[in-house]
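The values are calculated or read from the model by the stated rules, or taken from the named source; none is laboratory data. Computed from a predicted model, the values in this text were never measured in an experiment. Counting neighbours? That spans all protein chains shown, and the Cβs are built from the backbone with ideal geometry, glycine included. Keep in mind that these areas ignore ligands, DNA and RNA; they rest on the heavy atoms of the full protein, side chains included. Shrake-Rupley method; radii C 1.70, N 1.55, O 1.52, S 1.80 Å.
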Amino acid sequence: MTLPSLIKALMQRETYAEPPGKIDLIQTHISYVILTDKYVYKIKKPVNFGFLDFTSLDKRRFYCQQEVDLNQRLSPDIYLEVVDVRKKRGHFLYDGDGEVVDYAVKMKRLPDDKMMINLIKEGKVNAKTVDQIAEILARFHGEAKSDSVVSSFGTLEAIKKNVDENFKQTVKYINRTINEDEYNVIKAYSVSFMHERESLFIKREREGRIRDCHGDLHMEHLYLMDKIYIIDCIEFNERFRYSDVAADIAFLAMDLDFHGHRELSKSFVESYINYSGDTELAEIIDFYKCYRAYVRGKVDSFELDDGGLEKEEKSKAAEIAKRYFKLAYSYVR
């Protein structure tokens, strides 16, 4: 894939005031992530996917600042600032003189070997670790914003809309990444749970359990070092971040289940309930774990329709999607 001239220039050593060491590039569908030895620079792609819009310079600046501000809640030592990307006499540089052509989130680089997903594969995550994470999240949720606007995203009507969207968007993947029985059973369970436990959803909304959460809480976003760093919350869409705290906890619990650590998942949820005092979370956690697993299956299924992916990449995505859908099905059973 041909890189924009801006990104090519930012991959050059002379662009940096400090010696960058080795420079690497990671691309996601929404960002260019440039890694030096000490720092990470994230530049948002000028894309519009409906659920996010980075098409204008002003919007990219706004969401870069949102990313820094929101992630400083859990990792203030890591998220440093928004830096200007400028162009002067045909050369690109960070800050300095010249015309502002873009913006970048500057953050400290964290070591890959301290990422939770890597540590758990090495057997270095235990009940004490997840207890510490639960304590951090209980405090974070307790302090997170909760007002009438935030709460409106956690009404039963809003939750039904999100759930219905999942099933509408995955009909075309029946017998491709999810079999018909799994689809029908998960859908029936989700609908009946919302209907039968309507009073529980209403009670949680009224008691302030809908908060400005993280929204993308899985093991690739946790680093276990001298302290625990939780990064990369969702900054681009409030709908994905404003939710019941149970939905936030369910994401990490589901991720632990997916990687074969159900006992750690159980310990994590129990610790969170202990620290938060949210005893009713136990009644709703499987509903949200099912929802989270289904969303992951949906997102991986989307890759089957990506014309830019090779056949082998699509095949791998399909297998992962199938595993997520089967996990969602297991919560129903």
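Relative contact order of the chain: what whole-number percent is it, with Cα pairs under 8 angstrom and at least 6 residues apart?
Computed value for the chain: 16 percent relative contact order.
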* Mind checking the per residue accessible area of the range 1-130 for me, 1.4 Å probe, whole number of Å²? => 54 Å²
* To do: Pop out the carbon and sulfur fraction of the accessible area of the range 170-287 as a percent, whole number, probe 1.4 Å.
  => 45 percent
* Find the relative contact order for the range 144-251 and round it to a whole percent, using C-alpha pairs within less than 8 Å whose residues are 6+ positions apart. => 35 percent
* Asked: Taking a threshold of 27 Å on the Cα-Cα distance, which of the pairs LYS266/LYS314; LYS45/LYS160; LYS172/LYS314; LYS128/LYS316 fall above it?
  -> LYS266/LYS314; LYS45/LYS160; LYS128/LYS316
* Asked: How large is the helix-only mean residue ellipticity at 222 nm for the chain, computed as the sum of -39500 (n - 2.57) over DSSP H runs with n ≥ 4, divided by its residue count, in deg cm²/dmol to the nearest 500?
  -> -16000 deg cm²/dmol
* **Of LYS106/LYS145; LYS42/LYS187; LYS59/LYS88, pairs whose Cα-Cα distance is over 29 Å** => LYS42/LYS187
* Pairing the Cα long axis of helix 281-302 with the longest principal axis of the chain, what angle in degrees results, from 0 to 90 and rounded to the nearest 10? -> 50 degrees
* Asked: Ranked highest first by average number of other Cβ atoms within 10 Å, how do 133-145, 284-296, 96-108 line up?
  -> 284-296, 133-145, 96-108
* Viscosity 1.567 mPa s, temperature 4 °C, Stokes-Einstein D of the range 202-316 from Kirkwood C-alpha radius, µm²/s -> 83 µm²/s
* **Candidate aspartates and glutamates for bridging to LYS203, where Cα separation is under 13 Å - those fewer than 8 sequence places away on the same chain excluded** => ASP244, ASP278, GLU280, GLU283
* Just the number, please: carbon plus sulfur as a percent of the accessible area of the range 1-42, 1.4 Å probe, no ligands or DNA/RNA counted. => 56 percent
* Structure fact -> So the angle from the long Cα axis of helix 57-71 to the longest Cα principal axis of the chain, reported in degrees to the nearest 10, equals 60 degrees
* Asked: Taking the highest mean first, how do the peptides 247-260, 3-16, 56-69, 222-235 order by number of other beta carbon atoms within 10 angstrom per residue?
  -> 247-260, 222-235, 56-69, 3-16
* Divide the volume of the convex hull of the Cα atoms of the chain by its number of residues and quote the answer in cubic angstrom per residue. => 144 Å³
* So what's the angle, to the nearest 10 degrees on a 0 to 90 scale, between helix 127-143 and the longest Cα principal axis of the chain? -> 80 degrees
